[in-house]
Amino acid sequence: MRFLLDGMLGSLARWLRICGYDAEYIRDAEDDELIRRAMEENRILLTRDKALYRKALRMGLNAHFVEGESDAERLASVAHRFTLTLKPEGSRCPMCGLPLREVKREEVRGLVPEGTYNRYNRFWICTGCGRVYWRGSHWRRIVETIEEAERLYKGLKG
Ligand SMILES: [Zn+2]
């Protein structure tokens, strides 16, 4: 399942990527451009724009109007609609969406702050943009947001 998100949903795209989903987003695109890209790349369009949503449906595109204000609510809305599994996979780069590759600790020496290098054992490098990831204190918050989305999702299934 592949997604294309409109420019207002960049944050949601990052959360979907953290859960392992292929989620592209385009910042400043006209509606027609978004619809064309979604069709060409066989992606489901996610949007908070009612007019764009209706237009996409009229053109036969699989689209979802994302409900909710918080990241967790929006993630739950998409999970509910497409029966997604919400797990903090950490297998895709939140920034560019390409797969992460786990690397030996020595490979990131000099690429991360020394304190980080000394404190953590597992590191990942993005195969696209080259960013380095580790599961620091922020990872706990990421997990908490996804767990909250999971609870909201179960509530929706109710
Ligand atoms: Zn990347």
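Read-outs throughout are calculated quantities, based only on the coordinates presented, and are distinct from any laboratory measurement. Nothing here was measured: the structure is a model prediction, and the numbers come from that model. Ideal geometry is used to build each Cβ from the backbone, glycine not excepted, and the neighbour counts take in all protein chains shown.
To the nearest 0.05, what FRET efficiency results for Val132 and Ser11 with a Förster distance of 30 Å applied to their C-beta separation? Intermediate results must be reported in sequence, preceding the final value.
Values: r = 21 Å, r/R0 = 0.72.
That gives a FRET efficiency of 0.90.
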Query raised in the report: For the chain, what does -39500 (n - 2.57) per DSSP helix run (n ≥ 4), summed and divided by total residues, give at 222 nm, in deg cm²/dmol to the nearest 500?
Result: -13000 deg cm²/dmol
Requested in this report: Calculate the length of the line joining the C-alpha centroid of the stretch 119-144 to that of the stretch 1-79, in whole Å.
Outcome: 25
Requested in this report: Report the charge-dipole magnitude of the chain in Debye, nearest 20, computed about the Cα centre from +1 at each Lys and Arg Cβ and -1 at each Asp and Glu Cβ.
Outcome: 460
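Exactly which GluC sites (Glu not before Pro) in the stretch 26-116 are in a DSSP loop and have at most 16 other Cβ atoms within 10 Å?
On the way: sites: Glu30, Glu33, Glu40, Glu41, Glu67, Glu69, Glu73, Glu89, Glu102, Glu106, Glu107, Glu114; in loops: Glu30, Glu41, Glu67, Glu69, Glu89.
Listed in order of number, the matching sites are Glu30, Glu41, Glu67, Glu69, Glu89.
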Query raised in the report: Could you give me the ³J(HN,Hα) list for the stretch 84-98, computed from phi with Karplus coefficients 6.51, -1.76, 1.60 and θ = phi - 60°, whole Hz, x at Gly and Pro?
Result: 8, 8, 9, 9, x, 5, x, 9, 10, 6, x, 7, 10, x, 7
Query raised in the report: Sequence-distant or interchain residues sharing an amide H contact under 5 Å with Ala23, placed H: which?
Result: Phe3
Query raised in the report: What angle do you read, to the nearest 10 degrees and between 0 and 90, between the alpha-carbon axis of helix 31-40 and the longest principal axis of the chain?
Result: 70
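Pull out a ≥ b ≥ c, the square roots of the eigenvalues of the alpha-carbon gyration tensor of the stretch 49-158, then state rounded if a/c is under 1.5, prolate if not and a/b is larger than b/c, and oblate in the remaining case.
Values: a/c = 3.25, a/b = 1.95, b/c = 1.67.
Note, shape of the stretch 49-158 comes out prolate.
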Query raised in the report: Hey, what angle do you get for helix 71-82 against the long axis of the chain, alpha-carbon based, 0 to 90 degrees rounded to 10?
Result: 60
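Rounded to the nearest 5, what % of the DSSP beta bridges within the chain are antiparallel ones?
Expressed as a percentage, antiparallel bridges in the chain total about 40.
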Report summary line: Around Phe3 (Cβ within 13 Å, Cβ-to-Cβ, excluding Phe3; K/R +1, D/E -1) the net charge comes to +4
Query raised in the report: Taking H as built 1.01 Å from N, whose amide H comes closer than 5 Å to the amide H of Ala29, not counting residues under 5 places away?
Result: Gly7
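Ranked highest first by average number of other Cβ atoms within 10 Å, how do 130-140, 91-101 line up? Write down the numbers at each step before the final one.
Details: 130-140: 13.2, 91-101: 17.4.
Sorting 130-140, 91-101 by mean packing, highest first, produces 91-101, 130-140.
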